[in-house]
Amino acid sequence: MTDKIHYRRDGDIAVLRIANPPVNALSQEVRAGLAAGMDRAEADTGVRAVLIVGDGRAFIAGADIREFGKPPQEPHLPDLCNRIEASPLIVVASLHGVSLGGGLEVALSANYRIAQPAARVGLPEVHLGLIPGAGGTQRLPRICGAKDAIGVITSGRHLGAPEALALGIIDEITENDPEEAGLLWTGSLLAEGAARRPVSELPGPAPLDWDAVYDEVLKKGRGQISPAAAVRAVQASSELPFIEGLAEERRIFNDLMQTDQRKGMIHAFFAERQVSSLPELKDVPARQVEEIGVVGGGTMGAGIATAALLAGLRVTLLETTQETAEAAGARIAGNVAGALKRGKITAEQKSRMLSEALLCDTRDAALSDADLVIEAVFEDMDIKREVFGRLDAVCKPGAVLATNTSYLDVNEIAAATSRPSDVIGLHFFSPAHVMKLLEVVVADKTADDVTATGFALGKRLGKTAVRSGVCEGFIGNRLLNTYRSAADHMVLDGASPFQIDSALQDFGFAMGPFAVSDLAGLDIAWAMRKRRAASRDPRDRVGRYADKLCEAGHFGQKTGEGFYLYEKDRRGGTANPRVIDLIEAERHDRGITPRSFTDAEIQRRYMAAMVNEGAKVLGEGIAGRPLDVDMVLIFGYGFPRYRGGPMKWADMTGLPEVLADIDRFAAEDAYFWSAAPLLRELVAQGRTFDDLNRDA
Ligand code: T1G
């Protein structure tokens, strides 16, 4: 027996307790230990039942993801599940914490299941580019029917104990210690002479209109294939005997294991956990933060204040007048009410946040107790420097002074204070209480413990925090500016904004760049173009057609017209014919003979620009690791998670191929398409961005 599975007798019940911290992942050792434990229980005279329970904070979090991509080792999980189910003994699983993926599949191979009130179950394999691969697509539909099983599997969501009970996934919700509750429940089963109840012997689920369900799930996946593949596996549970259905599930699972989507999503899974843990900060304590100050109560300031309130922090928000302070309070109340509506908080929490934890004020002195202040005023350097001068005067020693600027120089802002080591950038993304990305912008003089405090706050707020150095646009907006320019160049040369948006939605983006511009407001980029005009390099190709739209007062969704035309109360817009006229006129003025673009070329150019700029920010030390760039694009810019991020996409595409694209495009525009030195270096060395992640 392995030390991962502890075996003990309690009367005529054998207890198998899984002890594989931190979350009891089903490593090869755990699988072998469970199989050996079942053998031992069946050979142990007098044993009539087996109770499986998890040690620590979870029953079982699933298959050991660290084993993926390596040669599978016996016992394979589906075989272990079948072995448990085939036991002549009654088998009970007592769930607590999470029972996910293979963890729930082990539980489904037991005859009975009980769970603690706060337990969660789920089959989240689609978030890894897979489907359940140990009988989940065959057993779950036999318990709750095909429709509900497809909902659980294709969403990959966690179900609370009450919902699991309602669906028949568990038989009872029990309080107290999982092992004690399990022993009581198993004892009662034995006392009443309960029979074994193998799920696989239940009839298969009633059929659905499988092709219609498949098409609907495929469309919703926006290019991700595993959710739709899961529909076919559930279909097999309805049409084939259990063993044949299991074989079909295994076939689909193995096919998905070979896909780039599985590689991309596993990369994203681990990168999401690595990105916020910086080796250089491992032993640096963060400063204590319980009270947050927010300066500026507009959309961003109110969103940041809301995120802090939802995380249980006290918030003092500073505005300039009583009227604007009240308006900010109303914005925050609206955001908090939204969180209540989405079930994120209770009514009691909402009332306490707004009545006790939030103060909207107009006096600088109100910030004197704040442990950390975040400035979210107008994006103007003079205004920000004036605010930081006031913060320097009123905030207590040791308070962290943060700016939410989305692209201004944090070093220059810090220089407006007598304590630049306390100054940092915390770049939130709108809406700040919803978007997960937080760029922690470390200025030249920012102290390490202030950086650590920025990451600790990010974790407290439930954000994915990424370290960035100081440059215009930091990581995300700097890449956005570049790949957005690549799109503009293609429009000038012959592509339409609508074809580009459609091609990038086919690539997996939720929205294309022009639809995103309409959503954000065309006036924002317009102001930036005007600000940069004086210092712009004459070789920089910048379209004027968007300026023409703005000059006519068309700023996108907020005015009802931009690249698209928007009707009131209707989602999405229709292509704006005026845009094509503006583009054709500009091509004519520039003497450009338009040419056609294929969707594939649009995608390659867009991605080449994104990867090339990513390699530049890496080479300049603005981003520490390629995975950091991946996380920024996935969590802040709608990059499709199943591709792992732009740098992972480049690795899987092949860096030599990406560099060849860039060099080919440079023949038309050497200024824009100058290959990043780091990219050329990696190709020359035959290395990948993943190699850099491993070196970090
Ligand atoms: N395998 C290996 N390591 C895992 C793991 C797993 N399944 N789950 C978590 N970890 C590590 C994680 O990397 C981190 O490590 C630590 O545990 C704490 O995790 C056949 C094939 C369980 C809800 O997809 O959703 O079963 O960084 O920081 O926020 O059908 O982890 O400390 O070194 O995330 O409290 C299906 C994935 C697998 C669940 C806990 N299961 N995990 O969240 O802590 S596929 C999953 C999670 C499968 C079968 C298929 C979360 C969590 P480190 P954490 P947390």
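The values are calculated or read from the model by the stated rules, or taken from the named source; none is laboratory data. From a predicted model like this one, the values you see are computed outputs, not experimental measurements. With ideal geometry, Cβ positions are generated from the backbone for all residues, glycine too; neighbour counts draw on all protein chains shown. Side chains included, ligands, DNA and RNA excluded: accessible areas come from the protein's heavy atoms. Shrake-Rupley method; radii C 1.70, N 1.55, O 1.52, S 1.80 Å.
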If we only count helices (runs of 4 or more DSSP H) wholly inside region 615-696, which ones have 3 or more residues that are in contact with a Pro (Cβ under 7 Å, 6 or more places away or on another chain)? 626-637, 689-695
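Conditions (1) farther than 30 Å from residue 643 by Cβ; (2) away from the ligand (no atom under 16 Å from the Cβ); (3) in contact with a strand residue (DSSP E or B) (Cβ under 6 Å, 6 or more places away or on another chain), marked per residue:
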| site | (1), (2), (3) |
| --- | --- |
| 131 | no, no, no |
| 163 | yes, yes, no |
| 167 | yes, yes, no |
| 184 | yes, yes, no |
| 187 | yes, yes, no |
| 194 | yes, yes, no |
| 199 | yes, no, no |
| 202 | yes, yes, no |
| 205 | yes, yes, no |
Any residue in region 266-276 that is crowded, with 19+ Cβ neighbours inside 10 Å and away from the ligand (no atom under 15 Å from the Cβ)? no
Determine, yes or no, whether residue 252 is within 26 Å of the chain's Cα centre (by Cα) and of a type in the set (Val, Ile, Thr). yes
For the structure I just gave you, tell me whether residue 139 is surrounded by 24 or more Cβ atoms within 10 Å (Cβ to Cβ) and more than 14 Å from the ligand (Cβ to nearest atom). no
Residue 72 meets each of (1) open to solvent by 60 Å² or more (accessible area, probe 1.4 Å); (2) at pLDDT 95 or above; (3) in a loop (DSSP other than H, G, I, E, B) with one exception, condition (2)
Among (1) closer than 19 Å to residue 234 by Cα; (2) open to solvent by 10 Å² or more (accessible area, probe 1.4 Å); (3) in contact (Cβ under 8 Å) with a residue 24 or more places away in the chain; (4) of a type outside the set (Asp, Glu), there is one condition residue 151 misses while meeting the rest; what is its number? (3)
Test residue 514 against the criterion of being open to solvent by less than 60 Å² (accessible area, probe 1.4 Å), hydrophobic (A, V, I, L, M, F, W, C) and more than 25 Å from residue 674 (Cα to Cα), and give yes or no. no
Just to be sure I understand the filter: pairs with C-beta atoms under 9 Å, separated by 6 or more residues or on different chains, first member in region 585-600 and acidic (Asp, Glu), second member in a loop (DSSP other than H, G, I, E, B) and surrounded by fewer than 15 Cβ atoms within 10 Å (Cβ to Cβ). Which pairs pass? 586/592
Filtering region 230-270 for residues that are within 10 Å of residue 129 (Cα to Cα) and part of a helix (DSSP H, G or I) leaves a count of 10
Looking at region 290-308, which of its residues are surrounded by 24 or more Cβ atoms within 10 Å (Cβ to Cβ) and more than 17 Å from residue 436 (Cβ to Cβ)? 292, 293, 294, 295, 296, 297, 301, 302, 305
Could you pull out the residue among 19, 63, 49 that is surrounded by 15 or more Cβ atoms within 10 Å (Cβ to Cβ), within 22 Å of residue 115 (Cα to Cα) and near the ligand (Cβ under 10 Å from one of its atoms)? 63
Please determine, by comparing only the residues of region 534-550 that are surrounded by 10 or more Cβ atoms within 10 Å (Cβ to Cβ) and small (Gly, Ala, Ser), which one is farthest from residue 523 (Cα to Cα). 543
Taking region 93-127 on its own, how many of its residues are surrounded by fewer than 24 Cβ atoms within 10 Å (Cβ to Cβ), in a strand (DSSP E or B) and away from the ligand (no atom under 11 Å from the Cβ)? 1
